[in-house]
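What follows is a short report on a single structure.
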Amino acid sequence: MPRDRATNDFLISLKNHVNPKARFWIGLHDQRREGRFEWMDGVALGRYKPWDSHQPDDAKGKEDCVQYFMYTESRFGANKWNDADCNDPFPFICQVAADA
């Protein structure tokens, strides 16, 4: 869960190593209350939020989960956050406890 710039940069490097054109879920959503984003562990979205321009937009009232944009060029929102339909079958980046 990229709650700060360092973690976000690290996850982007992992994503881009796997496939720079792929979209990945990042564990952020507003499924409980529209516009109030929270992480999968229930913690509210803090101050760090590198959304792409005009995002989140809840297009068609169906976008409640957050992913990294697939674009590779910065002018198109490369590595920025985008809200999307939670039912879209994208890969995800999973966080595991150090003692696991």
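Nothing in this text is a laboratory measurement; each read-out follows from the coordinates by a stated rule. This structure is a prediction, so every number in the text was calculated from the model and none was measured. Neighbour counts are summed over all protein chains in view; Cβ atoms, including those assigned to glycine, are modelled from backbone coordinates with ideal geometry.
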Item to check | Flag for LYS60 being in contact (Cβ under 8 Å) with a residue 40 or more places away in the chain and basic (Lys, Arg) | outcome: no
Checklist entry - Which of the residues belonging to the range 19-60 are touching a Phe, Trp or Tyr at 6+ places or on another chain (Cβ under 8 Å) and either under 12 Å from ILE93 (Cβ atoms) or among the β-branched types (Val, Ile, Thr) (or both)? => result ALA22, ARG23, PHE24, TRP25, ILE26, GLY27, LEU28
Checklist entry - Cβ-Cβ below 7 Å, separation at least six or inter-chain, first residue in the range 85-97 and at negative phi, second among the aliphatic types (A, V, I, L, M): which pairs? => result PRO91/ALA22; ILE93/LEU11; ILE93/LEU14; ILE93/ILE26; GLN95/MET1
